[in-house]
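Working notes for the structure below.
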Amino acid sequence: MDSQKVTEISDDGHARVSPAPARRSRWWRWVVAVVVIAATVAALVWFVPGRQQQPPPKPGGRSEGPVRVTAAAAETADLPVYLQALGTVTPLATVTVRTRIDGQLTQVAFREGQEVRRGDFLVEVDPRPYRAARDQAEGQLARDQALLRNAEVDVIRYRNLVAEDSIARQTLDTQESLVRQYRATVKIDQAMVETARLNLDYCRITSPIDGRVGLRQVDVGNYVQTGDAGGIVVVTQMRPITVAFTIPEDNLQTVITRMRAGKPLPVTAYDRSGTTEIATGVLSTMDNQVDPATGTVKLKAQFDNKDERLFPNQFVNVRMLLDTLRGVTIVPSAAVQRGSQGTYVYVVGAEGTAATRPVETGVRSGESTQLTRGIAPGELVVTDGVDRLRDGIRVAVAPAGAVGQ
């Protein structure tokens, strides 16, 4: 019999060839051999000499080394209390120069952007028609004055004749009425002369205030009228200048008390970023009512503005010194944290560990916050790296800005 095949006789008498059992045995031996070899290699790799097992991770994934933080010492100092607001630069005077008569513009005597003084000549309207009107009015006045003098002489003559009973009394009465009529006419003529002279003066337009002229709205040769909306030019007073801003009504009584005491409230104007100081001044006045829609009151501060760094309608950040707290405990505002249990700080102890400390805060001014309870001057409080701390954890105080690098 062949060792690889077996001939079987079926029930119907036919022969059938099938694989020998020896072939299946060899296939299973190969499978067992591969499994044994794989297990042996894995055992050798796992138990190789010198392999170092990794220590189990710490709960929460934290390392044994100290946490790097930035800290600052609580200190006793004077804390200025400021009110901050957004303000608008507002000139003390802004005048749109317009003509008060109609006529052709014949001369412009200023340069755009020029500094002018009150009374400086700016522009001229053609004066010839108004000079002629003045001459006419003066001639009319002279004629009526002559008629008045003649009528007054006749009144004197008629009075003598009435005394002599040479003329009727009615003639005298008529002449006296004529004198009164001429006197009224002379008054009208005098008013017309004054009007003509005034119109002639209006031909020469001067600056009504000290300030800086803006861009010219009308060129020479144009016909200007009193109803022109844009005017001829705008003159704005630049020195001094004011800044208008609003404060909450809760601070109103403190401001009123300081103003009534005669104590000036210093005001500083900063640029839009709030970092660059532009000018310093003092509070000058406040509005007479609170805006019910916003709950604020409008104030004005005045600045010398000698360098003209404040420009009309410019937006600035305003900081007004409201008060100064003397000898209070302060910490950087970044150290103060707020949670479900209230306000607290992380304090660095002498053993180099951090611990939470409940505190009570007072006034916050800029980057400093007053603490009324919970911290003594000299204690270190964490200002940066708080998010990696928990009670009792070791910390290493790093220079400012080094945390997170």
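What the table below lists for this structure:
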| quantity | calculated |
| --- | --- |
| Residue, nearest to Val233 (Cα to Cα), within the stretch 112-171, restricted to residues that are of a type in the set (Gly, Ala, Ser) and in contact (Cβ under 8 Å) with a residue 24 or more places away in the chain | Gly113 |
| Any hit, the stretch 288-304, residues being without any contact (Cβ under 8 Å) to a residue 24 or more places away in the chain, closer than 25 Å to Ala261 by Cβ and either hydroxyl-bearing (Ser, Thr, Tyr) or outside any strand (DSSP E or B) (or both) | yes |
| Residue among Val282, Val267 that is in contact (Cβ under 8 Å) with a residue 40 or more places away in the chain and out of contact with any helix residue (DSSP H, G or I) (no Cβ under 7 Å at 6 or more places or on another chain) | Val267 |
| Residues (in contact with a Lys or Arg (Cβ under 9 Å, 6 or more places away or on another chain) and surrounded by 11 or more Cβ atoms within 10 Å (Cβ to Cβ)) located in the stretch 110-121 | Phe110, Glu112, Gln114, Glu115, Val116, Phe121 |
| Search result, residues across the stretch 286-341 that are basic (Lys, Arg), within 30 Å of Val359 (Cα to Cα) and surrounded by fewer than 18 Cβ atoms within 10 Å (Cβ to Cβ) | Arg326, Arg338 |
| Scope the stretch 239-255; condition surrounded by 19 or more Cβ atoms within 10 Å (Cβ to Cβ) and within 23 Å of Glu308 (Cβ to Cβ); matching residues | Ile241, Thr242, Val243, Phe245 |
| Selection status of Arg204, more than 41 Å from the chain's Cα centre (by Cα) and either surrounded by fewer than 18 Cβ atoms within 10 Å (Cβ to Cβ) or not acidic (Asp, Glu) (or both) | no |
| Any hit, the stretch 118-141, residues being among the β-branched types (Val, Ile, Thr) and within 36 Å of the chain's Cα centre (by Cα) | no |
| Qualifying residue in the stretch 181-201 (condition: of a type in the set (Phe, Trp, Tyr) and farther than 30 Å from Pro312 by Cβ) | yes |
| Criterion (polar (S, T, N, Q) and at pLDDT 95 or above) met by exactly one of Thr99, Thr171 | Thr99 |
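The values are calculated or read from the model by the stated rules, or taken from the named source; none is laboratory data. Since the model is a prediction, treat every value here as computed from it, not as a measurement. As a convention, Cβ positions derive from the backbone with ideal geometry for all residues, glycine included, and neighbour counts pool all protein chains shown.
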